[in-house]
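Shown next, in C-alpha cells, is the structure this report addresses.
The values are calculated or read from the model by the stated rules, or taken from the named source; none is laboratory data. Owing to the predicted nature of the structure, the values given are computational and were not obtained by experimental measurement. Backbone-built Cβ (ideal geometry, glycine too); neighbour counts: all protein chains shown. When the accessible area is computed, the model is the full protein with side chains, heavy atoms only, and any ligands, DNA or RNA have been set aside. Shrake-Rupley method; radii C 1.70, N 1.55, O 1.52, S 1.80 Å.
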Amino acid sequence: MNAYAKDTPLTLSLLTINDVCAGGKARKLFFQDGDDRYKIRCDMRATAYFGAGPHRIGDVLDGILAGCDRAQKTPDPLDTIPFRHGPDGRSSLVDYYRGVGPNPNSPSTLEPSYLYADRQRLTWDTLRSSRKTLVADTVCRDDDPPVVRCLREPAGRTVDDIRKQHGMVFKLEISNIDYYIVSKKGTIIVPR
C-alpha cells in the first residue's frame, strides 16, 4: 500500500484490514471427504482506497505503471506495484485514457476499469461508461469479533467522501493471505 502512496500520483485516503478466523468444517466444498486438514485458519485481506482527479486518469495510470518501472531498476523487496509498461497492452491503456488511442480490449467492449497481477487487483471509477462509480463502499460490513475483525483507518471516512474530495476513487485489493493455521492434529502452521 505504501508503494502506491509514495511512488504514484494516487492519494491514500482509506485503508481497511479484514481479519477472519474460522474453524474447520466437516466437509470441503469440492472434495466431500470430510477432511479439511485444519481446526482453525486465519487469513487477512487488505484494501486501500485512493483518490485521484478524473481529468488526470491517463497521467495517474501512467504514474502507477512508471512506479513499477522505476522499482524494476532498483529492486526493493517491499515494493508491491506489479503493474508496468510493456508489451502486454498497458501502455495502450494510458493512451486510451489520454484520448490518443483506441480501447485496448476492443472498440466494442466496455471501458477498461481494472488491472490485475499477482495477488493485487486495482479497480477505478469509469469516466466514459453510463455507470460511473464501479468502486463501491463495502468497507467493514461483516465486523463480528472475534471471528471477523475489521480495521478501518480513518474510522469515519467513506468511499463517497473520497469521491467528493478527489473526483474519482481507485480501489486496491490484496488477496487473502493465510497467517495462522492449526491442523487437526494440533500442529501450528505458519504459512510462508
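Some notes on this structure:
- J(HN,Hα) series, the range 41-55, from Karplus relation 6.51 cos²θ - 1.76 cosθ + 1.60, nearest Hz, glycine and proline x: 9, 10, 9, 10, 10, 10, 9, 10, 10, 10, x, 7, x, x, 7
- Length gained on full extension, Lys185 to Asn105: 23.9 nm, using 0.36 nm per residue less the C-alpha separation.
- Gain in span if fully extended, Asn176 to Lys39, counting 0.36 nm per residue against the direct Cα distance: 47.5 nm
- Among 151-161, 100-110, sorting by the average number of other beta carbon atoms lying within 10 angstrom of each residue, highest first, gives 151-161, 100-110.
- Accessible area ranking (1.4 Å probe, heavy atoms, ligands and nucleic acids excluded), largest first, for Val169, Val190: Val190, Val169.
- A simple spin-label model places the labels of Thr133 and Tyr114 1.9 nm from each other, with each point 7 Å out along Cα-to-Cβ.
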